[in-house]
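Each remark here refers to the structure printed beneath this line.
The values are calculated or read from the model by the stated rules, or taken from the named source; none is laboratory data. All values reported here derive from a predicted model rather than from experimental measurement. A quick note on method: Cβ atoms are made from the backbone with ideal geometry, for glycine too, and the neighbour counts reach across all protein chains shown. These accessible areas exclude ligands, DNA and RNA; they are computed on the full protein's heavy atoms, side chains included. Shrake-Rupley method; radii C 1.70, N 1.55, O 1.52, S 1.80 Å.
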Amino acid sequence: MSRLQRRYIYANLEKIDNLVFAYGIDQSDFVHGIKRLPSNLVSLVGVDDDVHAVNAHTGLNVINDENDIRRFLLQSHTEQVKWMDYDEVGDLDFLTATEIAELLYLGHMNRPIRSPFNYKLRNHYVFLEQRNGGIKLYCYYLSAFSHVLNASILRHTLAAYRGRRMFMRTISVPRVPEPIIKQLMHLMSDGLFIYFDQSMVRQRQLLVPVHTEIANDDIEVFDPARNDDGQHTHNVATLTFNLVSSQWGLTIHDAKAFEDHL
C-alpha cells in the first residue's frame, strides 16, 4: 500500500518534554479537539507570507485575531507550518536576542535548545510539521493532546465509514469516552498505532486494530512510508464503534501492554 493510501494514527510520547510525535493527526484535529484556541501565534519559520502581521522586535509573523488563527490552522499550506502560541500580544517584545535565536533554532532544527515552554511567552503549545507528513507537538498540559487524539479518531472513523460504499446513510460519531482515550494514551510511550486502513465491519461494528511498536524506534526516525504490517508492530487491542448504537468500545488482547512501566 502506497504512502498516500495509508490511513492510520501514530502517536509516540516523550514524557520528559511532553512531546508527541504523530502521524495522521493534523491542525484541524488540534482546532476541533482543544477546548480553547490559543490567543496569539508566532511563526517559527520567519516571515513566510505577506498576509499576516510582522512583530518588529523578532521579525517573525504573528497572528493575534481569533478568527484569523482559526482560519490559519484550518487552511492548507504549501510550506511546513511551525508555530508557538503566546499569552499576551506584547510578550514577544521582552525576548532577548538569544531567546529570539532559540525560537529560530526551534523552527529550523525541530527541537528546542532548552525547554520548549518559554516563561516570558507562557506558551502551552509548539506545533512543528515534519517533512514526512508527521507532526511534533509539545503540550504544556499533556491532557490537551487527549482531546486532539479524540478529534483525530472521529475524523478517521467518519472517513473509514464513508469509504465503504455499502453504507448509504449518514452517521453521527460521538466523542470517544475518556476512559478509552486514557487507555490509548497509555500506549503512546510504546508507539501507538490505530490502523484505520486495516479496519473491517462485522455485525454492524467497525473494528479498528490497535498496535504498539515491538521495537520502540527513535522518535526522530519514524517513517510513515514504511510497511510495518505485522513486522514491527504488535496487536494489543481493537477499537470498536457500533454503527447502530454509536457506542465506542475497546477490546483488549494484550493486558500487559496496558500495565504501567517500571
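Here is how the numbers come out for the structure above:
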| read-out | value |
| --- | --- |
| Residues (under 19 Å from L73 (Cβ atoms) and open to solvent by 30 Å² or more (accessible area, probe 1.4 Å)) located in the range 98-124 | H124 |
| Positions within the range 149-169 being surrounded by 18 or more Cβ atoms within 10 Å (Cβ to Cβ) and either at positive phi or among the basic types (K, R) (or both), in sequence order | R155 |
| Looking only at the range 55-65, and only at residues there that are hydrophobic (A, V, I, L, M, F, W, C) and open to solvent by less than 80 Å² (accessible area, probe 1.4 Å), the one that is farthest from H32 (Cα to Cα) | L60 |
| All positions within the range 176-191 that are open to solvent by less than 30 Å² (accessible area, probe 1.4 Å) and either assigned to a helix (DSSP H, G or I) or on the phi < 0 side of the Ramachandran plot (or both) | V176, I180, I181, L184, L187, M188, S189 |
| Out of R131, R164, sole residue that is at pLDDT 85 or above and either part of a loop (DSSP other than H, G, I, E, B) or farther than 18 Å from G24 by Cβ (or both) | R131 |
| Filter result (out of contact with any Phe, Trp or Tyr (no Cβ under 9 Å at 6 or more places or on another chain) and either closer than 19 Å to L142 by Cβ or acidic (D, E) (or both)) within the range 84-105 | D87, E88, D91, D93, E99, E102 |
| Residue within the range 138-148 that is assigned to a loop (DSSP other than H, G, I, E, B), out of contact with any Asp or Glu (no Cβ under 6 Å at 6 or more places or on another chain) and open to solvent by less than 50 Å² (accessible area, probe 1.4 Å) present | yes |
| Residue among D68, D93, D85 that alone is modelled with pLDDT of 95 or more, among the charged types (D, E, K, R) and surrounded by 13 or more Cβ atoms within 10 Å (Cβ to Cβ) | D85 |
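For (1) under 17 Å from the mean Cα position of the chain (by Cα); (2) modelled with pLDDT under 85; (3) at negative phi; (4) surrounded by 12 or more Cβ atoms within 10 Å (Cβ to Cβ), each residue gets a yes or a no:
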residue	(1), (2), (3), (4)
I171	no, yes, yes, yes
F193	yes, no, yes, yes
S199	no, no, yes, yes
Q203	no, no, no, no
H232	no, yes, yes, yes
S246	no, no, no, no
L250	no, no, yes, yes
H261	no, yes, yes, no
